[in-house]
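All remarks here apply to the structure that follows.
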Amino acid sequence: TIQIAEAHMLNFEYQNPTKILFGKGQIAKISNEIPSDARLMILYGCGSVIANGTMDIVKKALAGRKITEFGGIEPNPDYDTLMQAVAIAKKEKITYMLAVGGGSVIDAAKFISAATFWELGDPWEILKNQGKGIRMVIPFGCILTLPATGSEMNHHAVISRKTRQIALPTASGSQGNAGAVSIHSSIESEKLAFSSEKVFPQFAVLDPVVTFSLPKSQIANGIADAFGHVMEQYLTYPVNANLQDRFAESILKTLIEDGIKSYHEPEDYDSRANLMWCATMALNGLIGAGVPQDWSTHAIAHELTALFGLAHAQTLAIVLPAALLVRRAEKKEKLLQYADRIWNIHDADPEKAIEQAISKTTELFESLGLATRLSRYGITAAQLPEVSAKLLKHGMTGIGERGSVTLEVCEEILHTAL
Ligand code: NZQ
Ligand code: ZN
C-alpha cells in the first residue's frame, strides 16, 4: 500500500517586478525603459550579438546616449572578468546597465550590479553568502538572446571562478629571500549561485527573432534547461497545488511540442516564441510558489560544470534521468502523474509506468543531441570522488525537497549516470 502523506499547498509570498517586452521589434522601445540621464553600461558576451546584428538594433534604439561598453563575458561567467567590469562601473560612475545576451551575460549583470556597491570585503562573499547582505545595486535591464535559464525574469545568478595557479611568496621569506616565489597554490574551480530580490532585471526584451542565429546545440541546451527547471519544482511530492501542477505540465508539454519544432526549424517564429516564453515561465517564481522544490539535480550538475567544463544543460541531461531513477520510490506519486499527464503512459504496473516515463525523458534529451551519460564525455568512476568532495565542501549533504539527498545518494546518482 502507498502511504499518502497529508500535505497542503505551502504558504508563499510572490512578487516579480520584471517588465516583459515580448515580440518582434520590441528592442526599439528600450529607450523608454532607461532613465534619460543614465550613465549607461552595455554588457555582452563573446561577439554573437555583434555578429547577428542585435547590437546594431540596440545602439540605434539608444542613439544619442553616451554608452560604456563591456564585452567578453564568457559562458559560465568568470569572477575575474566580472571584477574588471566592476572596476569600470565604479570609475565611470555607471547608474544603469543593459545586458545583451544569454543567461551568462544576464547573470553577469546581476553580479556586477551587486558587487559594485559591496562593502563587506571580497565580493566573492556574495556567492559564499548566497546573496545575503546585498544592499545597494546598479539597476539594469536585459535583452535576451538565448531562451534557457529564465535569468531574464528572476533574481538568481550563477558565477564561476576558474582554476588557476597562484604564486605565493615562500613562508620563510624573513631569511633575505623575501619575494622568492616557490609555493604554488591552486585556487579550485568553483561554480556558485546567489539570489537576491535586489537583482531582478527591471525589464527584459524577449524578441524571438534575435535568437534565430543560435546554433541547434544551444536550442537543445535551452529546452533541456527549461525542462530541468520545471522538473525541479514539479517532480517532488504532491501538496494539492493543482494549479501549479497544471502550469508546470503545460510548460513541459509546450517544450516537448514547440521546443522540438523550434530545434528542427530554427527560423519558425511561432515555435521559437513559444519556446522563449516557456523558458522564462519555467523559472520566474510562478510555478514554484507554494510547492516543495528539489534543486539537487542542479546542485550536482553545477559541480560537473565546475570540474569538467560541460555546458549547464549537458550536465542536467546526465543528472536528471539518473536522479529520477535513484529516487523513484521517494518521488513515486509525482512520477506517476508525470507519466500519465506528460507522456500518456498508463501501464497497470506503476513501476513499469515510472520506468517508461524516465526512459521518455532520456530519449527526449538524446533526441536533441544531448548525451545522458557521463562516460560519453570520457568521465569515469575514478573521477567521481572529486564531485563528492565538491558537494561536501559546499555543504550539499542534505539537499532535495526533503533534505534526503545525502552525499551517498548523490554518489549513487552519479554512478547511475556513468
Ligand atoms: O558569448 P556569445 O558570443 O554571446 O555567445 C553565446 C555563448 O557562446 C551564444 N549565444 C547567445 N545568444 C546567441 C548566441 N549565439 C548565437 N546567437 C544568439 N542569439 O550562446 C553561448 C551560450 O550562452 P550562455 O549565456 O552561456 O548560455 P545560457 O543562456 O544557457 O546561460 C548559461 C549560464 O546560466 C546559468 C548557467 O549555470 C550558466 O552559467 N544559469 C542561470 C540561471 C539563473 N540565472 O536563473 C539558472 C540556470 O539553472 C543556470 O544555472
Ligand atoms: Zn538550469
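Bear in mind that the values in this text are calculations on the coordinates, not laboratory data. Because the structure is a prediction, the values reported are computed rather than measured. Ideal geometry is used to build each Cβ from the backbone, glycine not excepted, and the neighbour counts take in all protein chains shown.
Among the helices of the chain, none built from whole DSSP H runs has Cα atoms reaching 30 Å or more along its own axis together with a mean Kyte-Doolittle hydropathy of at least 0.0. Restricting the range 278-360 to GluC sites (Glu not before Pro) that sit in a DSSP loop and have at most 11 other Cβ atoms within 10 Å of their own Cβ leaves nothing. Of the peptides 189-196, 279-286, the ranking by mean beta-carbon count within 10 Å, highest at the top, reads 279-286, 189-196.
The residue list SER359, ALA329, LEU243 was ranked by how far each Cα lies along the charge dipole of the chain toward its positive end, using unit charges on Cβ atoms, and LEU243 comes out on top.
The base-10 log of I(q)/I(0) for the range 76-157, evaluated at q = 0.24 Å⁻¹, reads -1.25 [Debye formula, identical scatterers on Cα atoms, solvent excluded]. Dipole magnitude for the chain: computed about the Cα centre from +1 point charges on Lys and Arg Cβ and -1 point charges on Asp and Glu Cβ, it is near 1180 debye. Using a Förster distance of 30 angstrom, determine the FRET efficiency expected from the C-beta separation of PHE212 and ARG376, and round it to 0.05. Plugging the Cβ-Cβ distance into 1/(1 + (r/R0)^6) gives 0.55. Assuming R0 = 22 Å, can you tell me the calculated FRET efficiency for the pair SER195 and ALA7, based on Cβ-Cβ distance, to the nearest 0.05? Here the calculated transfer efficiency is 0.30. Each distinct pair of alpha carbons in the chain adds a 1/r term; the inverse of their mean, the Kirkwood radius, is 22.5 Å. For the range 47-155, trypsin sites (Lys or Arg not before Pro) meeting the loop criterion (DSSP other than H, G, I, E, B) and having at most 10 other Cβ atoms within 10 Å: LYS66, LYS93.
Taken along the Cα-to-beta-carbon direction at a fixed 7 Å, the label points for GLU74 and THR406 span 3.8 nm. When the listed pairs LYS66/LYS191; LYS162/LYS393; LYS24/LYS261; LYS352/LYS390; LYS132/LYS393 are checked against a 25 Å cut-off, the alpha-carbon distance exceeds it for LYS66/LYS191; LYS352/LYS390. Electrostatic tally near ASP37: other residues with Cβ closer than 11 Å to its Cβ, Lys and Arg +1, Asp and Glu -1, net +3.
Going from the fewest other Cβ atoms within 10 Å to the most, the residues MET83, MET396, MET97 appear in the order MET83, MET396, MET97. Cα-based radius of gyration for the range 22-72, normalised by 2.2 N^0.38 Å, reads 1.14.
In this structure the amide hydrogen of ILE143, modeled in the peptide plane, comes within under 5 Å of the amide hydrogens of ALA99, VAL100, GLY101, VAL205, none closer than 5 places in sequence on its chain.
Principal axis analysis of the Cα atoms in the range 273-391 yields extents of 40, 34, 28 Å, listed in decreasing size. Rg/Rh for the range 221-281 stands at 1.02; both radii use Cα atoms, and Rh follows the Kirkwood definition. In loop segments of the range 1-72 as defined by DSSP, the GluC sites (Glu not before Pro) with at most 12 further C-beta atoms inside 10 Å of their C-beta are GLU6, GLU13.
For the range 15-74 versus the range 131-153, the inter-centroid distance based on Cα atoms is 14 Å.
Each of CYS46, ILE342, ALA389 was placed along the dipole of the chain (beta-carbon charges, centred on the mean Cα), and the one lying farthest toward the positive end is CYS46. In the chain, the DSSP-assigned H stretches of four residues or longer account for a calculated mean residue ellipticity at 222 nm of -12500 deg cm²/dmol, using -39500 (n - 2.57) per stretch and the full residue count as denominator.
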